[in-house]
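Values quoted throughout were computed directly from the atomic coordinates according to the rules given, and no laboratory measurement underlies them. Predicted, not measured: the structure shown is a model, and the values here were computed from it. Glycine also receives a Cβ, built like all others from the backbone with ideal geometry; neighbour counts cover every protein chain displayed.
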Amino acid sequence: MSDFFSDLLRATSHGLVLPREDDDAINRYVAMHAGDRTNVESRPFPRQVDFWAFCIATALALKLEPRDGSISRWGKTFIYTNQGIVDNDLASLLAIVAVAKIGLDDPGVTESRRIVELANRLAAAGCPEVLRKLQNSPLRTTPLDQALEFARSLQEQAYDDS
Amino acid sequence: MLLIRRIEIVNFACFDQVEIRPSANPKRPLTVIRAENGSGKTTLLRAIRWGMYGEQGLPGNPGSFSLHPAAWQPDSQGIETRVSILFETDGSSRLQLEGKPTNIEYELRRSVTTVHREPSAKDEPDFRRVREEAQLLEREPDGSWVPNVHGVGRVIEELLPWSLRDFFVMDADEAADFVGGSENKEIQRHEVIGKTSFAVRALLGLEVFDSTAERVASLRRDFERDATKATRNAELAEKQAELDHVRGRLDEIEKRLERNRHERADTDERLAQGRGRLEALIGSLGAHDALRQRLTDNEKHTQRANEERRSAARELSNDLTRVEMLASLAAREVRHVEQLLQPLYDDGSIPVRHLPFVKRLLETGTCVCGQDLTSASDHANHIQEVIDRSTEQKDHADHLAEVLDAATGLGRHADGEEWADRTDDHAKAVAVLDEEINNLTQTRLDIDSKLDDIDDEEVENARGRIGMLEQSLSKIDREITSDQEAREQLAKDSNKLEGDIRAARRQEAQARDLERYEETAAMLVQVLRQAYARIQDEQVRELDAEMNALFGSMAANVFDDEAVEDNQHKATLRMIAKVGLRPLEDTSAEYEIFADNSRGRSMPPTEINGASRRILALSFVLGLCKVSRTVAPLVADSLLNFTSGSVRTNTLRVTAETASQPILLLTGSDLESQNEIDLVNRYAGATYTLTGQWQHVDQGGDVVRLTDNRQVSLLCDCGPREYCDVCERLGQAQDERCTRRQESEAPR
Amino acid sequence: MVSNFERILAEIRKEAGQIAPNYRVDPDSVVNLIMGIVDLEDQHRVKAQHGIKKKIRQMIETAAIQASEVR
């Protein structure tokens with residue numbers, strides 16, 4: 001498999017962004033550092049980019065509108081694309097989403113800047129939903145269980161709609 | 001052989017006049033004297049012991065036990081108490097060697113008169129005994145009775161030695177001394193060993209053997225010394241003095257060795273008790289250690305399960321990052337893009353596939369339709385336009401083609417089933433491990449609580465005590481070893497000196513006779529010692545096997561009932577697997593009765609229950625009599641106490657079958673079951689019933705008739721399920737198992 | 001009360017039979033001598049016999065002299 005899309009994103013530097021106001025809450029569900037996998041039950045996401053991707057998928061499944069407004073006002077960059085954080089699978093999915101949401105008429109649909117911006121706005125839209133789900137874990141249910149359970153319910157919803 | 005033919009008791013405590021004729025029928029050797037508790041059983045036993053041994057046979061301080069009837073009012077005239085025992089012996093001993101007739105009948109008569117005396121102190125009795133007489137009569141071939149020339153003491157000591165009283169007149173409580181005492185009486189182990197060893201040595205004749213060998217050996221030394229003296233050689237005399245010195249030191253060491261052996265025996269016993277306590281305390285050290293091992297195993301398993309679980313949870317967490325899942329959430333967008341781009345792909349717009357072809361057309365100068373493209377024409381211009389536009393859109397179109405390619409790839413996962421299946425598998429793995437961890441935790445809690453039950457401090461204390469005892473044991477052992485080494489060295493020295501002396505002396509003519517004597521004595525010592533060793537070795541082994549067989553047939557599979565209720569594990573520990581007699585290590589003259597549990601540990605007497613102790617002592621008495629071919633009466637009280645069920649039946653049966661003349665004092669409850677009655681019917685050649693008049697209904701008892709209004713105990717001939725005017729008790733007339741004995745004799 | 005004399009006697013016979021020839025002595029006289037001494041000793045055990053040691057010494061001396069005469 002070629003690395004077409006991951007190369008595309010690595011070629012220029014775009015920040016991956018999550019809402020600043022959710023920064024603390026998000027960090028509670030992400031492993032403390034690379035290799036910290038001792039506590040996956042309460043910190044189910046290995047990296048912030050995994051959380052970010054999950055938020056995008058959530059927004060899509062729930063048909064949420066991308067968050068508008070100036071990203072620099074509400075967003076906090078946690079990493080840049082030129083650091084090679086986005087693998088080709090995720091990058092392809094982001095490109096697909098861009099085509100689906102922006103449409104073929106806009107020539108900018110293939111630009112990495114636009115693809116990432118759309119992804120950031122979708123992530124910001126899905127983020128509160130993901131956090132709400134994680135924070136409302138019933139007793140004896142771990143955030144990991146809760147995230148998996150949430151993924152399943154979203155899956156059913158998305159599949160039915162498509 | 002000694003058998004009792006008649007016992008007559010007159011004016012002895014609660015007995016007015018009583019005569020017992022024990023069975024002399026070898027096929028029915030058993031004599032049963034039935035008596036309820038408090039009817040005078042123990043008094044009867046005392047009367048017999050007094051008859052045999054006099055004052056020595058009575059409990060308490062000399063003279064304090066009142067022999068006279070309770071009803072007797074102290075007066076100066078006094079009252080005569082008399083016990084007469086008629087017995088027969090075949091003189092199977094020294095007496096036989098004196099050439100006496102094979103069977104001799106003796107009558108031992110002992111009498112004493114009790115008179116009044118003013119007590120001088122408050123606690124003193126108001127009587128004293130006068131005119132105590134003991135007489136031993138021997139029946140001549142013509143039937144007349146003449147006093148025996150040897151006198152009472154000597155013949156009784158010869159035939160019924162006091163130290164062997166438990167063999168002939170046995171109070172089962174006292175007989176338990178052979179196995180470390182009864183319930184309320186603990187005896188030092190070396191005392192027990194002394195008593196046991198004495199019995200073994202006396203009945204097997206080892207005692208006399210030993211003293212003979214000892215005496216001849218001492219004579220041998222005398223001969224040797226005299227021989228040396230006879231040479232009048234100064235150097236030899238010096239060596240002789242040295243030899244005497246060495247022998248003196250050897251004697252000292254022997255004494256110390258014996259002391260240390262006793263101490264060792266006592267320490268050994270305390271150690272066995274300590275170990276028993278420890279075992280009881282924690283079930284067993286093994287179980288304790290096994291629990292600890294299980295705990296360690298459990299910790300290891302738990303650690304492994306936790307690691308596996310963490311790894312399974314990591315898989316689950318990784319599932320959250322899989323693109324299949326993300327794609328399935330974006331299924332709508334993926335499908336939409338596929339639908340959008342597929343037509344563009346189909347019509348060749350993406351990617352731009354025609355560009356190289358069209359460029360080649362311009363280069364070759366001829367179109368596919370045949371038109372010339374070298375000169376500027378509309379057609380050529382059009383183609384150039386297509387090339388320009390396509391070049392401009394190429395990147396865009398290539399991008400979209402890649403997007404379509406990706407969408408087609410991800411579209412395959414859009415239903416999310418594959419992801420869900422995989423996640424399910426991972427979740428199941430976690431659940432399975434969760435259960436395993438739960439189980440392990442539960443097990444751990446169980447083990448913890450079991451370990452909590454064990455009082456660590458007590459265990460440590462018990463271990464500490466054992467450690468200390470083991471230390472003192474090893475100290476004693478070291479002393480013994482060093483003494484043994486010294487003894488060996490001294491013996492060598494002494495041998496060398498003997499050799500030197502002998503060599504020098506041989507040249508001396510005067511010494512020759514003495515040498516011959518010495519040689520003869522040496523030979524005698526050799527014969528005696530070897531015969532001794534063989535008898536001891538073989539007969540003690542026979543006795544050991546005999547005891548185990550007897551014990552087994554009386555008490556096979558006896559459990560300690562109390563302990564069973566308490567704890568099955570402890571019960572097994574207390575179950576006796578093997579009993580017997582063994583010589584004490586390292587000494588040829590002392591023996592000990594032992595009982596090993598199923599794990600081969602020697603059980604201290606405190607761990608053996610009352611019934612087992614009695615049976616063990618009885619096994620020893622019966623076994624020793626059998627092995628030493630001793631034929632003698634066994635008058636036994638409380639033999640069946642603490643026993644029940646098959647053990648009681650077997651004890652009665654084995655006693656009746658093994659003892660030469662068992663005379664058993666039994667209570668009604670000893671004879672409650674039909675099994676015992678059957679045994680009595682089969683083996684008893686004589687039966688008696690003893691009835692205390694003070695147990696009359698008017699006095700709160702259950703004896704129906706008052707035959708004699710004095711406070712006496714009456715004897716009738718009733719068997720265990722018979723009654724008569726003398727012995728009838730309430731309820732017997734209605735009990736269909738009991739029959740009235742018609743030819744009711746006058747009470748004796 | 002030693003009922004074991006038969007056994008003792010048998011054992012002494014056996015041992016004397018093996019040992020006495022080494023001393024060039026008749027086994028039967030050894031058995032008799034020993035049983036005589038054992039008897040005295042047994043009597044002494046029940047009731048102290050005066051001069052027992054001297055008696056036994058004489059028995060051994062006599063036996064030794066008799067044996068040497070036979071040789």
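Which of A:GLU65, B:GLU138 has the fewest other C-beta atoms within 10 Å, and how do the rest follow up to the most?
Going from sparsest to densest Cβ surroundings: A:GLU65, B:GLU138.
Rounded to the nearest 0.05, what FRET efficiency do B:THR366 and B:ASP398 have when you use their Cβ-Cβ distance and R0 = 22 Å?
Step by step, r from the Cβ atoms, then E = 0.15.
Could you state the number of Å between the C-alpha centres of the range B:383-425 and the range A:8-57?
26 Å
Under 5 Å between amide H atoms, partner at least 5 residues away or on a different chain: which partners does A:ARG47 have, H built in plane at 1.01 Å?
Correct list: A:ALA31.
Only residues of the range A:54-85 count here: report those whose backbone N is under 13 Å from the spot 7 Å along Cα→Cβ of A:THR12, or say none.
Backbone N within reach: A:81-82.
Over every pair of different alpha-carbon atoms in the range B:649-748, take the mean of 1/r and invert it; report that Kirkwood radius in Å. Mind showing how you got there, number by number?
Working: mean 1/r = 0.0692 Å⁻¹.
Hydrodynamic radius (Kirkwood, Cα only) of the range B:649-748 equals 14.5 Å.
Apply the Karplus curve 6.51 cos²θ - 1.76 cosθ + 1.60, θ = phi - 60°, to the phi angles in the range B:737-742 and return the couplings in whole Hz, x for Gly and Pro.
Values, residue by residue: 6, 9, 10, 7, 8, 6 Hz.
Say R0 is 56 Å: what FRET efficiency, to the nearest 0.05, do B:ARG294 and B:LEU730 get from their beta-carbon distance?
Result of the calculation: an efficiency of 0.35.
Given an 8 Å cut-off on Cα distances and at least 6 residues of separation, report the relative contact order of chain B as a percent.
This gives 22 percent for chain B.
Could you give the length gained on full extension between B:ARG599 and B:TRP162, defined as 0.36 nm per residue of separation minus the Cα-Cα distance, in nm?
Roughly 153.5 nm would be gained on extension.
Just to be sure I understand: of the beta bridges DSSP finds with both ends in chain B, what percent are antiparallel, rounded to 5?
70 percent
How far is it, in nm, from the label point at B:ARG737 to the one at B:ASN495 when both lie 7 Å from their Cα along the line to the Cβ?
Once both label points are built, they end up 6.9 nm from each other.
Per residue of B:200-211, how many C-beta atoms from partner chains lie within 10 Å of its own C-beta, taken as a mean?
For this peptide, the per-residue mean of nearby foreign Cβ atoms is 5.
Label points 7 Å out from Cα along the Cβ direction at A:GLN157 and B:GLU88: separation in nm?
11.6 nm
Could you give the radius of gyration (one decimal) and Dmax (whole number) of the Cα atoms in the range B:383-520, in Å?
In order Rg, Dmax, the Cα atoms of the range B:383-520 give 51.2, 160 Å.
Once the piece of chain linking B:ASP453 and B:ARG304 is laid out straight, how much longer is it, given 0.36 nm per residue of separation minus the C-alpha distance between them?
Residue separation times 0.36 nm, minus the Cα-Cα distance, leaves 50.8 nm.
Give the Rg (one decimal place) followed by the Dmax (whole number) of the range B:290-452, computed from C-alpha coordinates and expressed in Å.
Over the range B:290-452's Cα set, Rg and Dmax evaluate to 32.0, 107 Å.
Using only the Cα atoms of the range C:5-70, each taken as one equal point scatterer with no solvent, compute I(q) by the Debye sum, divide by I(0), and report log10 of the ratio at q = 0.11 Å⁻¹.
Taking Cα atoms of the range C:5-70 as identical point scatterers yields -0.29.
Rounded to the nearest 0.05, what FRET efficiency is calculated for B:GLU235 and B:LYS578 with R0 set to 60 Å and r the Cβ-Cβ distance? Present the calculation step by step, with values, prior to reporting the outcome.
Details: r = 59 Å, r/R0 = 0.98.
The pair B:GLU235/B:LYS578 has a calculated efficiency of 0.55.
Can you give me the pair-distance distribution of chain B, C-alpha pairs, 20 Å bins, whole percents?
Per 20 Å bin, starting at 0, the Cα pair percentages come out as 12, 28, 23, 12, 7, 7, 6, 4, 1, 0.
Restricted to Cα positions, what overall size does the range A:4-161 have along the principal axes? Three whole-Å values, descending.
Result for the range A:4-161: principal-axis Cα extents of 50, 36, 30 Å.
So between B:LEU344 and B:GLN471, what do we pick up on full extension, going 0.36 nm a residue minus the alpha carbon distance?
Extending this stretch completely gives an extra 35.8 nm.
Tell me which residues come under 5 Å, amide H to amide H, from B:ARG729 once H is placed; ignore anything under 5 positions away on its chain.
Here the answer is B:VAL704, since their amide H atoms fall under 5 Å of that of B:ARG729.
Considering chain A as a Gaussian network with a 10 Å cut-off on Cα pairs, which listed residue, A:ASP105, A:ASP50, A:ASP145, attains the greatest mean-square fluctuation?
Greatest mean-square fluctuation among the candidates belongs to A:ASP105.
In nm, to one decimal, how far is the A:LYS63 label point from the B:GLU435 one, both placed 7 Å along Cα→Cβ?
If labels sit at A:LYS63 and B:GLU435, their model points lie 4.2 nm apart.
What average count of beta carbons from other chains do you get within 10 Å of the Cβ of residues in A:138-146?
So the per-residue partner count for this stretch is 2.
Quick one: divide the alpha-carbon radius of gyration of the protein assembly as shown by 2.2 N^0.38 Å and tell me what you get.
Working: Rg = 54.7 Å, N = 981, 2.2 N^0.38 = 30.1 Å.
Rg over 2.2 N^0.38 Å, computed on Cα atoms: 1.81.
When B:HIS245, B:HIS190, B:HIS382 are ordered from fewest to most other Cβ atoms inside 10 Å of their Cβ, what list results?
In order of increasing Cβ crowding within 10 Å: B:HIS382, B:HIS245, B:HIS190.
Which ordering of B:ILE193, B:ILE437 is given by a fewest-first count of other beta-carbon atoms within 10 Å?
Sorted ascending by nearby Cβ count, the order is B:ILE437, B:ILE193.
Long-range amide H contacts for B:VAL169: which residues qualify at under 5 Å (H placed 1.01 Å from N, peptide plane, sequence gap of 5 or more or a different chain)?
Excluding prolines and chain starts, which carry no amide H, the hits are B:VAL635.
For the peptides B:383-390, B:12-19, what is the packing order when you average, over each peptide's residues, the other Cβ atoms within 10 Å and list the highest mean first?
B:12-19, B:383-390
Taking a spot 7 Å from the Cα of B:ALA503 along the direction of its beta carbon, which residues of the range B:205-237 have an amide N less than 14 Å from it?
Under 14 Å, as judged by backbone N against the label point of B:ALA503, lie B:236 of the range B:205-237.
Restricting to the protein assembly as shown, what percent of DSSP beta bridges are antiparallel, rounded to 5?
70 percent
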